[in-house]
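Asker: My questions will all concern the structure given below.
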Amino acid sequence: MGYMEIIIGGIFVNNILLAQFLGNCPFLGTSKKMETAVGMAMAVVFVLVLAGVITWLLYAFFLVPYKLVYMRTIAFILVIASLVQFVEMFLKKSIPALYAGLGIFLPLITTNCAVFGACILNIDKELSFMKTLVQSTAYAMGFGLALILFAGVRERIILSRVPKPLQDTSIGLVTAGILSLTFYAFKGMI
Amino acid sequence: MAKTLTQEFTKGLWEEIAPFRLVLGLCPVLGVTTTVENGIGMGLATTFVLVFSNLLVASLRNIIPSKVRIACFIIIIATFVVVTELLMQAFAYTLFLKLGVFIPLIVVNCIVLGRAEAFASKNSITLSIADGLGIGIGFTLSLAALGSLRELFGANNLTIWTTPTSVIGVQEVFGPHFQPFSFMVQAPGAFVCLGLMLCIMNLLGSK
Amino acid sequence: MRELIKMVIVLTVLAVLSGGLLSGFRNATAARIEVQQLKFVKGPAITAILKGVSNDPIEDRFAIKDGETERKVFVGKFDDKANTVVLESFGKGYGGDIGLMVAINMEDDTIVGAAVTTHSETPGLGARAKGDPGFVSQFKSLSINDSFKVTADGGRVNAMSGATITSRAVCAAATEAGGIYQRMKPQLIEKLKEFNK
């Protein structure tokens with residue numbers, strides 16, 4: 001698998017939100033306003049790439065040599081949880097401006113399936129270190145792209161008249177389905 | 001005691017049926033419901049984790065310091081997720097392969113952590129088990145409902161359980177000439193289907 | 001301060017308990033998981049090449065040491081006589097290792113059958129090695145002691161058109177299997193005696 005394939009696959013064809021269904025809680029939760037969507041997307045890009053790389057190292061240099069592969073789930077979630085804590089502390093002290101933007105989204109990322117799921121997928125596909133880095137970045141960018149596009153659509157939906165039972169999450173999901181359909185068009189590319 | 005055991009149990013089945021009312025834990029709801037079988041399997045795995053993590057969180061609720069409670073909850077939940085993974089590999093290997101990444105993902109399912117934080121850490125052991133069981137079964141039912149809808153129209157089948165030798169379920173429900181809407185079993189169909197189900201739930205609930 | 005100590009203690013105790021519980025569970029289920037994995041991952045290939053066996057090759061397996069590595073060998077019984085062994089070997093393909101299950105008749109050193117187990121070749125080309133019975137069936141009844149080459153390299157195995165590298169990899173895997181077989185033959189004969197008792 002070439003790098004180009006991984007990038008296009010990660011962003012469009014196997015989009016982590018719309019094709020693999022990972023990270024749907026923040027997708028629906030933070031997409032009502034463009035501002036929050038951008039904040040969440042940035043936070044996910046940041047943490048997902050870091051987590052992808054760190055969990056790969058942990059897996060290859062610790063879990064496999066010590067025959068602890070079955071502990072993967074518990075090890076990864078602890079790494080992600082502490083990573084999020086650490087990133088939060090680091091940003092607060094060193095880059096307050098970025099912290100002000102991402103701050104409230106960071107704790108939510110611990111239970112974001114997109115981050116955890118991407119780490120597991122990297123391992124399951126037995127990617128090399130470089131490919132893990134590229135794949136994580138592509139997934140993160142795909143997440144950001146889908147979230148921001150979706151937030152744009154949702155801001156317009158608020159202005160229009162939606163039948164009462166369909167309001168809010170319901171119409172959101174149907175819209176997500178249509179957005180997912182557009183991403184489906186990339187399927188033939190790889 | 002404000003509520004009885006049965007009330008705690010039944011609220012998970014309708015009033016607070018997790019995917020529809022609280023809109024939590026949607027990833028597996030969308031991801032695995034291409035067949036009824038996957039839906040039921042995923043639901044039962046989640047129920048197992050939910051009941052045991054609720055049990056443990058409730059029994060340790062006076063010991064766990066509040067500052068590190070989330071870390072403790074995550075350790076407890078992750079432990080039971082790994083137990084589930086091991087059990088499924090030993091006893092339901094094909095299902096484990098089909099559900100793939102979604103089994104380890106139970107660990108980040110908002111429902112499980114949500115119940116530990118919002119319910120089990122404040123209530124007695126028996127109530128917490130009833131709550132876990134109720135929410136879990138409600139979750140399983142929602143997955144099964146969405147799964148049957150998608151499989152029925154998308155593949156013209158209803159598969160309840162597959163053993164290595166046979167399939168329990170109905171094949172070709174609408175007869176051999178029915179052309180399935182493959183849209184339903186693919187990614188976009190999942191979103192649209194769930195959105196419309198949510199709409200129906202809203203209609204029924206707003207009476 | 002007391003709170004901090006309590007926090008550390010609770011977390012440590014929880015982590016230790018969780019680790020203990022998991023390793024216990026792991027040990028309890030390890031044997032069953034191994035059987036399940038073999039059954040679903042290797043099983044289809046084994047049953048395909050051992051048509052008409054009277055036993056369950058996955059139940060009747062043993063591991064022997066080949067230098068540093070431990071190899072799994074599956075036993076096939078025909079007419080209640082354990083005379084066939086199945087072992088897996090690997091050859092370097094286009095997109096990674098190709099696994100090949102080779103069943104060998106111990107009485108006359110001929111190949112009973114071969115099947116591809118794992119591969120990450122380009123779909124449609126190399127992946128055909130797994131689905132195309134025509135290619136792997138060429139190995140049937142050949143002697144395992146030969147070395148295998150595709151016709152382009154002066155051998156007698158017809159490569160799949162458009163998938164020469166994959167075909168070479170399968171040949172390399174078959175040759176490798178022959179090497180393993182010859183190295184371990186004395187041990188294998190001993191083991192088979194146990195199954196014939």
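The values are calculated or read from the model by the stated rules, or taken from the named source; none is laboratory data. Just so it is clear, the model here is predicted, and its values are computed rather than measured. Using ideal geometry, Cβ is built from the backbone for each residue, glycine included, and neighbour counts are taken over all protein chains shown. Calculation scope for accessible area: heavy atoms of the full protein, side chains included, ligands and nucleic acids excluded. Shrake-Rupley method; radii C 1.70, N 1.55, O 1.52, S 1.80 Å.
Asker: If you average the alpha carbon positions of the stretch B:131-178 and of the stretch A:98-116, how far apart do those two centres end up, in angstrom?
Answerer: Each part's Cα centre sits 35 Å from the other's.
Asker: Here's another thing I want to ask about it. Using the basic label-point model (7 angstrom from Cα toward the beta carbon), what is the C:SER54 to C:ALA28 distance in nanometres?
Answerer: The modelled label-to-label distance comes out at 3.9 nm.
Asker: Give me, ordered by chain and number, the residues 5 or more places off B:TRP161 or on other chains with an amide H under 5 Å from its own placed amide H.
Answerer: Counting only residues 5 or more places away or on other chains, the set is B:ILE168.
Asker: Compute the FRET efficiency between B:GLU16 and B:THR94 as 1/(1 + (r/R0)^6), taking r as their Cβ-Cβ distance and R0 = 41 Å, and round to the nearest 0.05.
Answerer: Working from the Cβ atoms, E equals 0.80.
Asker: Now for a different question. If you take the beta carbon distance between C:LEU17 and A:VAL69 as r and set R0 to 22 Å, what does 1/(1 + (r/R0)^6) give as a FRET efficiency, to the nearest 0.05?
Answerer: 0.60
Asker: Using a 1.4 Å probe, what is the accessible area per residue for the protein assembly as shown, in Å²?
Answerer: 45 Å²
Asker: Report, as an integer, the average count of C-beta atoms from other chains found within 10 Å of each Cβ along A:109-119.
Answerer: Mean partner-chain Cβ count within 10 Å for A:109-119: 5.
Asker: For the pair C:LYS193 and C:GLU107, how long in nm is the line joining their label points, each one 7 Å along Cα→Cβ?
Answerer: 1.9 nm
Asker: OK, next. What's the buried accessible area, both sides, between A and B using a 1.4 Å probe, rounded to 100 Å²?
Answerer: Chains A and B together bury approximately 3000 Å².
Asker: Here is a further query. For the stretch B:116-127, what does the Karplus curve 6.51 cos²θ - 1.76 cosθ + 1.60, with θ = phi - 60°, yield as ³J(HN,Hα) per residue in whole Hz, taken in order and with x for Gly and Pro?
Answerer: 4, 6, 7, 10, 4, 6, 10, 10, 6, 4, 4, 4
Asker: With springs connecting C-alpha atoms under 10 Å apart, model chain A as a Gaussian network and identify which of A:ILE109, A:ILE157, A:ILE11 has the largest mean-square fluctuation.
Answerer: A:ILE157
Asker: Another question, then. In terms of the Cα gyration tensor, with a ≥ b ≥ c the square roots of its eigenvalues, is the stretch B:5-149 rounded because a/c is under 1.5, prolate because a/b exceeds b/c, or oblate? Write out the running numbers ahead of the final one.
Answerer: Numbers: a/c = 2.00, a/b = 1.35, b/c = 1.48.
Oblate shape, in that a/c is at least 1.5 and b/c is the bigger or equal ratio.
Asker: I want to check the label-to-label distance for A:TYR3 and B:PHE181. Put each point 7 Å from Cα in the C-beta direction and report it in nm to one decimal.
Answerer: 4.3 nm
Asker: Going by a ≥ b ≥ c, the root eigenvalues of the Cα gyration tensor, does the stretch B:127-166 fall in the rounded group (a/c under 1.5), the prolate group (a/b larger than b/c) or the oblate group?
Answerer: The shape class here is oblate.
Asker: I need the shape label for the protein assembly as shown. Rule: rounded when a/c is under 1.5, else prolate if a/b > b/c, else oblate, with a, b, c from the alpha carbon gyration tensor.
Answerer: prolate
Asker: Straight-line reach from B:LYS67: which lysines have Cα under 24 Å away, leaving out those fewer than 8 places along the same chain?
Answerer: A:LYS92, A:LYS93, B:LYS122, C:LYS6
Asker: While we're here: Roughly speaking, what is the centre-to-centre gap between the stretch C:138-197 and the stretch C:56-90 when only Cα atoms are used, to the nearest Å?
Answerer: Their Cα centres are 15 Å away from one another.
Asker: Now for a separate question. What pairs in B:LYS98/C:LYS65; A:LYS131/C:LYS92; B:LYS98/C:LYS42; A:LYS125/C:LYS51; A:LYS67/C:LYS191; A:LYS125/C:LYS39 have C-alpha atoms more than 26 Å from each other?
Answerer: B:LYS98/C:LYS65; A:LYS125/C:LYS51; A:LYS67/C:LYS191
Asker: Please give the direction-averaged projected area of the C-alpha convex hull for the stretch A:3-189, in square nanometres with one decimal.
Answerer: 11.7 nm²
Asker: First measure r as the distance between the Cβ atoms of A:LYS33 and A:LYS164, then evaluate 1/(1 + (r/R0)^6) with R0 = 35 Å and state the FRET efficiency to the nearest 0.05. Provide the component values of the computation, followed by the final result.
Answerer: Details: r = 22 Å, r/R0 = 0.63.
E between A:LYS33 and A:LYS164, to the nearest 0.05, is 0.95.
Asker: Rounded to a whole number, what % of the accessible area of chain B do carbon and sulfur atoms account for, probe 1.4 Å?
Answerer: Reported share for carbon and sulfur atoms: 69 percent.
Asker: OK, next. On the accessible surface of chain A, probed at 1.4 Å, how many percent belong to carbon and sulfur atoms? Please report the intermediate quantities before stating the final value.
Answerer: Details: 6110 of 8660 Å².
Whole-percent figure for carbon plus sulfur exposure: 71.
Asker: How high is the relative contact order of the stretch A:3-189, given as a whole-number percent (alpha carbon pairs under 8 Å, six or more residues apart)?
Answerer: On the way: 199 pairs, mean separation 81.6, N = 187.
Across the stretch A:3-189, relative contact order equals 44 percent.
Asker: From the phi of every residue in the stretch C:157-164, what ³J(HN,Hα) in whole Hz does the Karplus formula 6.51 cos²θ - 1.76 cosθ + 1.60 yield, where θ is phi - 60° and glycine or proline is x?
Answerer: 8, 6, 5, 5, 5, x, 9, 5
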